[in-house]
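Heads up, the thing below is written out as structure tokens.
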Amino acid sequence: MNLTGKNVVYLGGFGGIGQKVCAQLLERQIKALAIFDLTLNEQVLAAWQTQYPNADIFYQKVDITQKPEIEAAYKAAAERLEHFDLVVNGMGLMNDNFVDLTIQINLLGLIHSSFIALEYMDKSKNGRGGVVVNISSVAGIEPTSLMAVYSAAKHGVTAFTRGLGDSRYFAKTGVAFITICPGFTDTPLLFDMMNKMTFKPHTTVTKHTHKVQSAEICASNLIKVIEQGKNGGVWLLELGEMKELDMPVMWRPTLQDQA
């Protein structure tokens, strides 16, 4: 996708990776940026509006756990922009102390957002097509025992997005679905990990046992995926590298012979 002149909706645009992605999207001279988030970051929003006066940049309050709020935000943004070219579902929570909230934010809210976005973007419903990018995780392609609930939610994101990335859906809607799986990234999600795990460790876990990438590098590669990625793609963004994954087929249905 050539991002110049495009209308973008970013859910979680004031977050760690999200904020860096939004800044780089604006550098690509997008036409408009609607930021859906729970809390307004007035300082960041004002700075962007000053730095990019030719872009329509605005905020819509969204509690991703509340479907009516998601619907209201999309409706307000659609009335202002008329259409969306790119939607990025980037809201996330990594804390297995909150089982229901982890599923609601990481998976259920993302599912609702994707379907609502389709109502506006679907070519068979007078939309213009476009791209929906859903942020999963390395924990969404390989289970992690330290964060079993978070991993379950992110596996759901990966499966859901791959499902909607079916070529038959794309032929009908003109909307491509792409899955992004960042590795360990230096954002607030990694803070206080010892108290966020599924079970409290018996021994001290050294901070940043694993190498991490910067949010800026992750954001830069995410932009590259948006610009070159194809429908149904699953991308690993790890330690400054980007790689499209060849997902293994673990099962196929056995067809019944027709008489």
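No lab work stands behind these numbers, since they all come straight from the coordinates. Computed from a prediction, not measured in an experiment: that's the story for all the values here. Reconstructed Cβ throughout: ideal geometry from the backbone, glycine too, with neighbour counts over all protein chains shown.
Along the axis of the charge dipole computed for the chain (Cβ charges of +1 for Lys and Arg, -1 for Asp and Glu, origin at the Cα centre), the listed residues MET121, CYS181, ILE35 are led at the positive end by MET121. Annotation for GLU27 and ASN2: the two label points, set 7 Å from Cα along the Cα-Cβ direction, are 2.1 nm apart.
Restricting attention to the stretch 7-244, close to 10% of DSSP beta bridges with both partner residues there are antiparallel. A convex hull fitted to the Cα coordinates of the stretch 7-244 yields 111 cubic angstrom per residue.
For the pair GLU79 and LEU255 in one chain, pulling the backbone fully straight at 0.36 nm per residue adds 58.7 nm over the alpha carbon distance. Length gained on full extension, PHE58 to LEU146, computed as 0.36 nm times the residue gap minus the Cα-Cα distance: 28.0 nm. Peptide packing for 59-66, 238-245, 249-256 was compared via the average number of neighbouring C-beta atoms within 10 Å per residue; ordered from the highest value, the list is 59-66, 238-245, 249-256.
Cross-link partners of LYS67 among aspartates and glutamates, defined as those whose alpha carbon lies under 20 angstrom from its own and excluding same-chain residues fewer than eight positions apart: ASP37, GLU79, ASP100, GLU119, ASP122. Bridging of LYS211 to lysines at a Cα separation below 30 Å is possible for LYS20, LYS154, LYS196, LYS200, LYS224, LYS230, LYS243, once same-chain residues fewer than 8 apart are set aside.
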